[in-house]
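S.K.: Structure below; questions to follow.
Each reported figure results from applying straightforward, stated rules to the coordinates on display, with no laboratory input. This is a predicted model, so every value here is computed, not measured. Heads up, the Cβs are rebuilt from the backbone with ideal geometry, glycines too, and the neighbour counts pull from every protein chain shown.
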Amino acid sequence: MNKTLISQLKRYYRHVRRIIPKDYPHRQEILSSIYQDIYSYAIEHPGITYENIINHFGTAEEMALSFATLLSPEDVIKTSIKTKKRNTIIIFIILIALFLSCGMIYHAYWVSEHTIVEIEEKTIIYPEIEIDTKN
Amino acid sequence: MKTSNLISNYKKATIELLLLKLLSEQDMYGYQLSQELKKRSSQNYTILEGSMYPILYRLSDDKMISFHEEKAGKRQTRIYYHLEESGLSYYKELLKSYREYSKLIEFLIDSKEGDIYE
């Protein structure tokens with residue numbers, strides 16, 4: 001495989017990875033199997049181009065679409081429950097972070113309002129010194 | 001509905017059966033499975049390689065198939081899928097119901113008023 005093809009494939013993998021939902025069952029195993037297949041295909045067809053690979057394996061969008069249609073009703077329910085759970089946890093964490101930062105800001109404000117600041121004034125009086133200008 | 005949509009629905013309904021059929025003959029890796037289907041159907045049954053993996057992993061979750069890795073060359077590792085006993089009986093069951101159902105559909109397509117399926 002030439003360098004251009006390798007970099008194009010890396011971009012393709014990134015796109016596929018981005019487009020397939022994170023909660024998809026066995027996502028990681030499926031992605032690595034696809035990479036293996038593309039690798040096998042490229043080895044079996046020396047001099048292959050990126051376009052040939054896309055024609056054979058489909059674009060990232062086509063792949064994602066076929067993944068979505070192949071999900072069983074149980075998997076759809078499982079995935080949706082997982083997504084809901086994850087979203088709830090994220091919202092909960094954001095709310096706690098927001099609550100804590102509000103608390104900290106209020107605490108800082110309260111401390112600044114209720115702290116007695118003591119300002120000490122010092123006056124130093126130096127003794128008069130006569131300067132002998134004759135010498 | 002477009003014919004292409006219909007065909008994709010047929011594929012969706014039969015892909016599991018066909019993957020099990022191939023695995024009932026011998027252990028195969030993913031790429032080999034899709035190529036075999038393509039070859040046997042004279043390119044008339046093509047599936048995106050990626051689209052069969054969700055099915056294979058679902059069958060593996062249900063203990064119908066198992067998989068093992070084998071080194072192929074210096075850098076390449078292949079995952080071979082193996083049909084388990086439970087998978088074989090599931091395949092036979094699936095095949096039986098598929099045949100019965102397609103027979104029923106065939107009958108209904110050719111039937112006239114008054115014909116009853118037995």
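S.K.: Placing +1 at every Lys and Arg Cβ and -1 at every Asp and Glu Cβ, with all other atoms neutral, what dipole size does chain A have around its Cα centre, in debye to the nearest 20? Mind showing how you got there, number by number?
M.R.: Working: 15 positive and 16 negative charges, 217 e Å.
Using Cβ point charges on Lys, Arg, Asp and Glu, chain A gives about 1040 debye.
S.K.: How shielded is A:61-67 by partner chains, expressed as the average number of their Cβ atoms within 10 Å of its Cβ atoms? Numbers along the way, then the final one.
M.R.: Numbers: counts 0, 3, 4, 1, 3, 10, 5.
Going residue by residue through A:61-67 and averaging, the value is 4.
S.K.: Summarise the partner chain shielding of A:27-37 as one whole number: the mean count of Cβ atoms from other chains within 10 Å of each residue's Cβ. Kindly include the intermediate steps, with their values, before the conclusion.
M.R.: On the way: counts 2, 0, 6, 8, 2, 3, 12, 7, 0, 10, 14.
Taking all residues of A:27-37 together, the mean is 6.
S.K.: Here's something else I'd like to know. HN-Hα J couplings of segment B:95-101 from phi, Karplus 6.51/-1.76/1.60, θ = phi - 60°, integer Hz, Gly and Pro as x?
M.R.: Each residue's phi maps through the Karplus curve to give 5, 4, 5, 4, 5, 4, 5 Hz.
S.K.: Going through segment A:1-76, which trypsin sites (Lys or Arg not before Pro) have at most 13 other Cβ atoms within 10 Å and a DSSP loop state?
M.R.: A:Lys22
S.K.: Let me ask another. So what are the ³J(HN,Hα) numbers for segment A:112-128, from phi and the Karplus equation (6.51, -1.76, 1.60; θ = phi - 60°), rounded to whole Hz, Gly and Pro as x?
M.R.: 5, 7, 9, 8, 7, 9, 9, 10, 9, 9, 10, 10, 10, 10, 8, x, 6
S.K.: Just round it to a whole percent: the fraction of Cα-Cα distances in the protein assembly as shown exceeding 22 Å.
M.R.: Percent of Cα pairs beyond 22 Å in the protein assembly as shown: 69.
S.K.: For q values of 0.21 Å⁻¹, compute log₁₀ I(q)/I(0) with the Debye formula on a Cα-only model of chain A, without solvent.
M.R.: With one equal scatterer per Cα and no solvent, log10 I(q)/I(0) is -1.22.
S.K.: If you look for lysine pairs in chain A that are eight or more places apart or on different chains, how many of them have Cα atoms under 16 Å apart? Write out the running numbers ahead of the final one.
M.R.: Numbers: A:Lys22/A:Lys78; A:Lys22/A:Lys82; A:Lys22/A:Lys84; A:Lys22/A:Lys85.
Number of lysine pairs found: 4.
S.K.: Give the average, rounded to an integer, of partner chain Cβ atoms located within 10 angstrom of each Cβ in A:41-50.
M.R.: For peptide A:41-50, the averaged partner shielding equals 1.
S.K.: Compute the normalised compactness of segment B:27-118: alpha-carbon radius of gyration over 2.2 N^0.38 Å, N being the residue count.
M.R.: For segment B:27-118, the normalised Cα radius of gyration comes out at 1.48.
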